[in-house]
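Written out below as structure tokens is the structure these notes cover.
The values are calculated or read from the model by the stated rules, or taken from the named source; none is laboratory data. It should be emphasised that the depicted structure is a prediction, and the values quoted were computed from it without experimental measurement. No Cβ is skipped: glycine too gets one built from the backbone with ideal geometry, and neighbour counts run over all protein chains shown. To get the accessible areas, we keep the full protein, side chains included, count just its heavy atoms, and leave off ligands, DNA and RNA. Shrake-Rupley method; radii C 1.70, N 1.55, O 1.52, S 1.80 Å.
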Amino acid sequence: MSRKERPPIPEPLPVPTVDAHTHLDACGATTPDLVRAALDRAVSAGIAAVITVADDMDSARWVAEAATWDARLYGAVALHPTRTEGFGDAERAELERLASTDGVVAVGETGLDYYWDYATPEAQQEAFRWHIDLAKRVGKPLMIHNREAHDDVLAILASEGPPETVMFHCFSGDAEVARRCIDAGYLLSFAGTVTFRNARELQEAARLVPDEQLLVETDAPFLTPHPFRGRPNEPYCAAYTVVGLAELRGQPVEAVAEVTRRNAERVFHLHVTEIEDAERPPEGS
């Protein structure tokens, strides 16, 4: 089978959950019909709702509009830390407007990324502080991108004072970083990376997270769960990560699906409907 083909749609989870972080536009689902088809595939696997996330200004505009197309879709807007060089007043004003719209449920993804050098640490840190303040002003959760910047991300959150809800998307730290986040009351969201065979430190972290601080995501089109690593990711693949998390944590799949859905409903103020006898789209649709 070609590596470019999407993984098969799994059997539906025993109870529905939420993909707490994805990028539908980067998945190619850029029109109402394509978004609806992607969400239909997600529902057929037990993923009842999806939060699609911006990473630049064009994406932020698209996310705010797309969040009005389907009741199963919500949005988050911010400027990704790698895009923050030259972040000015016009962009800030527009992001504040977009973050205040009804379909947008979080400010994100923002934070620090020291792996890439597209923006200086100083530019990233200034933008991160501004996004923290924005989340407080609009009263919405803050969705963190953190790559090779654990100490600085946590220090800036502490110095600025975090908003009421902070989510570390695609958590990438070890057990020690997880404990620091847990103690601060932050939510940790796990993507397909937690299922990778060589992700032992990340898996150790995932076992530590209390139920009430756990979320699941795809970060699609990236980070497709094992055993489909390297193939295109999509929100329905969050079901594979739920199964992997359940195995790691020694919990029933139903329990992990239930707590991750309830946490997403609580912190993002979602209205997720139960799935009953969802029609499974034909393979390849």
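About its Cα centre, how strong a charge dipole does the range 143-214 have in debye, to the nearest 20, once Lys and Arg get +1 and Asp and Glu get -1 at the Cβ?
300
Can you give me the relative contact order of the range 17-268 as a percent, contacts being Cα pairs under 8 Å and 6 or more apart?
Relative contact order, the range 17-268: 20 percent.
With a 1.4 Å probe and all protein chains left in place, how much accessible area per residue does the range 17-268 have, in Å²?
38
Going by alpha carbons, how many degrees (0 to 90, nearest 10) lie between the helix axis of 175-184 and the longest principal axis of the chain?
70
At R0 = 30 Å, how high is the FRET efficiency between L208 and A158 if r is their beta carbon distance? Nearest 0.05 is fine.
The computed FRET efficiency comes out at 0.90.
Residue farthest toward the positive end of the dipole of the range 35-108, with Cβ of Lys/Arg at +1 and Asp/Glu at -1: which of G108, T52, A42?
After comparing all options, I get A42.
Going by alpha carbons, how many degrees (0 to 90, nearest 10) lie between the helix axis of 253-268 and the longest principal axis of the chain?
In the chain, helix 253-268 runs at an angle near 40 degrees to the longest axis.
Positive end of the charge dipole of the chain (Lys, Arg +1 and Asp, Glu -1 on Cβ, about the Cα centre): tell me which of A155, H23, T195 has its Cα farthest that way.
Positive-most Cα among the choices belongs to T195.
Dividing the alpha-carbon radius of gyration of the chain by 2.2 N^0.38 Å (N being the number of residues), what value is obtained?
0.92
Please identify every one of the trypsin sites (Lys or Arg not before Pro) in the range 186-243 that sits in a loop by DSSP and has no more than 14 other beta carbons within 10 Å of its own beta carbon.
Answer in residue order: R197.
How large a share of the accessible area of the range 17-268, in percent, is made up of carbon and sulfur atoms when the probe is 1.4 Å and the other protein chains stay in place?
Answer for the range 17-268 is 48 percent, counting heavy atoms of protein chains only.
Do any trypsin sites (Lys or Arg not before Pro) in the range 1-103 lie in a loop, going by DSSP, with at most 13 other beta-carbon atoms within 10 Å of their beta carbon, and if so which?
Those that pass, being in a loop and sparsely packed, are R3, K4.
How far is helix 89-99 tilted off the main Cα axis of the chain, in degrees rounded to 10, range 0 to 90?
Between the helix axis and the principal axis of the chain, the angle is about 40 degrees.
Relative to the Cα centre, what is the charge dipole magnitude of the range 32-91, using +1 at the beta carbon of each Lys and Arg, -1 at the beta carbon of each Asp and Glu, and rounding to the nearest 20 debye?
340
Of T68, T82, T22, which has the most accessible area and how do the rest follow, probe 1.4 Å?
The most accessible residue leads, giving T68, T82, T22.
At 222 nm, what helix-only mean residue ellipticity would the chain give, in deg cm²/dmol to the nearest 500, using -39500 (n - 2.57) for each DSSP H run of four or more?
Mean residue ellipticity, 222 nm, calculated: -12000 deg cm²/dmol.
Between the range 25-58 and the range 218-276, how far is it from one alpha carbon centroid to the other, in angstrom?
With the range 25-58 and the range 218-276 each reduced to a Cα centre, they are spaced 15 Å.
So how much slack lies between E85 and R179, counting 0.36 nm per residue of separation and subtracting their Cα-Cα distance, in nm?
30.7 nm
GNM on the chain, C-alpha springs below 10 Å: top fluctuator among G108, G250, G185?
G250
Hey, quick one: spin label on K4, modelled 7 Å out along Cα-Cβ, who in the range 200-243 has an amide N within reach, i.e. under 12 Å?
The answer is 232.
Where does the longest stretch of the chain lie that holds no GluC sites (Glu not before Pro) found in a DSSP loop with 10 or fewer other Cβ atoms within 10 Å?
1-273
Pick from V138, V216, V18: which is most flexible by mean-square fluctuation in a GNM of the chain where alpha carbon atoms under 10 Å apart are linked?
Judging by the Gaussian network model, the answer is V138.
Given T260, G139, T241, which one lies farthest toward the positive end of the charge dipole of the chain, if we put +1 on the Cβ of every Lys and Arg and -1 on the Cβ of every Asp and Glu?
The one lying farthest along the dipole's positive direction is T241.
Using the Cα centre of the chain as the reference point, and only Cβ charges (+1 on K/R, -1 on D/E), how large is the resulting charge dipole? Debye, rounded to the nearest 20.
Result for the chain is approximately 460 debye, rounded to the nearest 20.
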